[in-house]
Structure formats: C-alpha cells, structure tokens
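Just so it is clear, none of the values below were taken in a lab; they were calculated from the coordinates. Remember, predicted model here, so these are calculated numbers, not experimental data. With ideal geometry, Cβ positions are generated from the backbone for all residues, glycine too; neighbour counts draw on all protein chains shown.
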Amino acid sequence: MSFTIVEQAPARLNRSELAVPGSNPKLFEKAAASAVDVVFLDLEDAVAPDEKVQARRNVIAAVNDVDWGNKTLSVRINGLDTHYMYRDVVDLLEQAGDRLDLIMIPKVGTAQDVYALDMLATQIEAAKGRKKRIGFELIIETALGMQNIHEIAAASKRNESLHFGVADYAASTKARTTGIGGPNPSYGVLTDAATDGAPRDYHWGDMWHYAIARMVVAARANGLRPIDGPFGDYSDADGYKAQARRAAVLGCEGKWAIHPSQIGLANEVFSPSEQEVTKAKRILEAMAQAQKDGKGAVSLDGRLIDIASIKQAEVMVKTAEQIAG
Ligand code: GLV
Ligand code: MG
C-alpha cells in the first residue's frame, strides 16, 4: 500500500439514480415512492429557460415537503457559465432544509469550478447554521472536464461521486453520434481476411470505454463513487442492461435512470448476484485457511487465488451487506 491513505466518501447506495425534471412536480411523489437509491431533481438541461425560476421554487418546496424516505436526495444546479447557478445554490441552501443530501454540479471543467462552489456552499452553511454538510456529485461531460478529471476529483472534501454525462460529452468532443449513450454501429473493427476464405467479421466496440475507465480511476483514487450516466433509449431494456453491466465490470457503482423503467434494471445489475456473493465468501474462507497454513496463495476450483483475491471478495461481500441494509 502507498503511504497515502485514500479517504472514502460517505457510504451510500448509488445503484440507480433517477433524473426528475424540476419543472414537473407531478413526478416528485412517484420518484419518492420508487425503488431508486438516489433521486436528483433537475434544474439544468431538462428545464427550459422560461421555467427555470418556477422549477427552482418547485424543487425547494419538494425537498422540504415530500417524504423522501431513506433515499439520497440531490439537486442538479445549472452550470457555472449561466446566470442561474448562483441563485440555485443560494436559494437552495438558504431555503431547503437538511433533507437535501447532495448538489449535482454539471459540466465541471476545472478544479476551480468545484472550489468556487465549495466556497459558496461553505459560506451559506455557516451563515444559515446548516447542520449537515452538503456533498457534491460532479458530472464529467466535457473534454475539459475529462482532461482535468484527476484535479477535479481531488478538489473538495465535499466530493462524493463522479458521473459520466455521455450526451454532453459526445457534443463536447464532437463525436459523430446523436444518441444518448449506447453503442454506435460505426465504432467497430473488421477482422482481417482469413487465409482459409472464412468470411470477415465485424465487431462492435464500446466507444465510451476510455471515458468510463478514466473516470473510474479518478474516482477510486480519490475515494469517490464512479457512476455511469444516461441511456436514452428507455424502450430498450436489454440495451440498458448491457451498458450497465459493462460499466459495473469496469468498477462503476451505479447508473442513471432517465425513466422509471430503468430503476429496477440498474438495481438488479449493480447488486451482486447470490452466486457472486457465495463465490466471494468461499474465497474468503479459502484464504483464511491458507493464511492459517502459512500460505499466500492457494487454488480454488482450479484457479489461483491470493491476497489480492481477499480484497476483491471483500468488495463484493461489503456491497451485498450495504444493499441488505
Ligand atoms: C448528462 O447530463 C449528459 O449530458 O449525458
Ligand atoms: Mg449533460
């Protein structure tokens, strides 16, 4: 281990995160009654400019009045390049009660963006005597944000999670796609011509791999949760699950739901299966025995396991315990 100890953000379940437009209060109670882990009430891109002021009022009232149960509650504020942002933060932190857990900051580009928000939040919390420190969720969704992701992730003690905002990221990097997440038929490889005349194969690739893998590293190196963002085609449950699974395999802890039908899919994919937990427990037992026998590595089911396997298995078992509550 390094002499640098990575401090972990407060532990929260974040398998699913539901986006709810702040301009549509009819959806608030439904979101509160859903099975989602985190709700974010949106003041940013789901809200038209003419509706921004009313949406802000709706959201403050909803934080205070709706029974959110044991869900984590977040509000996505407008970007730092808009004139809505300062009032989003001031009104929210002055008028919304301590039920608010997090603020989601979109299109973060530099560590200074986070620093500025930290300063503002710190002043308002002190002035208003807020008891609970607000945490930050940061959306990485621009080329600038992806370039500076490591400094951004380390920029504030309030940081809890990094989110991959695939739609804005595609726009910012000028990717040739108009979908919100998901694969693209033009991103693939054609196998070489085989000498035996067998037909050539075309394999689709995952055009978001680099971005998600980079985000996972920056998040984990700073004790934050990496969360995969939206998948726009909400009628394609299989497509959603495939995207969620590959994010989970890379280390993401959850994925956004832009439609209630995606909540159950995310919860399912980001909860380790019984089989995986049983296997992890067997690894822990086998390694406990190995250590008693003075061995660093042993074989289990014909495969090598060693001290690193203990840590991997512990991640799995801890996640299962967190879900069980
Ligand atoms: C989310 O905000 C996105 O741009 O994908
Ligand atoms: Mg976005």
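Observations, loosely collected:
- The P(r) of region 183-325 has a tail past 24 Å containing 50 percent of all C-alpha pairs.
- With the alpha-carbon atoms of the chain aligned to their principal axes, the span from lowest to highest coordinate is 63, 56, 38 Å, starting with the largest.
- Amide H contacts under 5 Å for Asp42: Val20, Gly22, Arg76, restricted to partners 5 or more places along the chain or on a different chain, H placed in the peptide plane at 1.01 Å from N.
- Taking Cβ atoms as reference points and 10 Å as the exclusive limit, the residues near Thr191 contribute a net charge of -1, counting Lys and Arg as +1 and Asp and Glu as -1.
- Within region 249-325, trypsin sites (Lys or Arg not before Pro) in DSSP loop having at most 15 other beta-carbon neighbours inside 10 Å: Lys295
- Dividing the Cα radius of gyration of region 14-105 by its Kirkwood radius returns 0.93 for Rg/Rh.
- Taking packing as the residue-averaged number of other Cβ atoms within 10 angstrom, the listed peptides 2-11, 137-146 run from highest to lowest as 137-146, 2-11.
- Based on DSSP H segments of at least four residues, each scored -39500 (n - 2.57), the chain has a per-residue ellipticity at 222 nm of -13500 deg cm²/dmol.
- By the count of neighbouring beta-carbon atoms within 10 Å, fewest first, Ser16, Ser261 end up ordered Ser261, Ser16.
- The phi-based Karplus calculation (6.51 cos²θ - 1.76 cosθ + 1.60; θ = phi - 60°) puts the 3J(HN,Hα) values of region 305-321 at 10, 9, 4, 4, 5, 4, 5, 4, 5, 5, 4, 4, 5, 5, 4, 4, 5 Hz, whole numbers, x for Gly and Pro.
- Residues whose placed amide H lies under 5 Å from that of Gly254, excluding near-sequence neighbours: Asp228
- Charged side chains reduced to their Cβ positions (Lys and Arg at +1, Asp and Glu at -1) give the chain a dipole of some 620 debye around its Cα centre.
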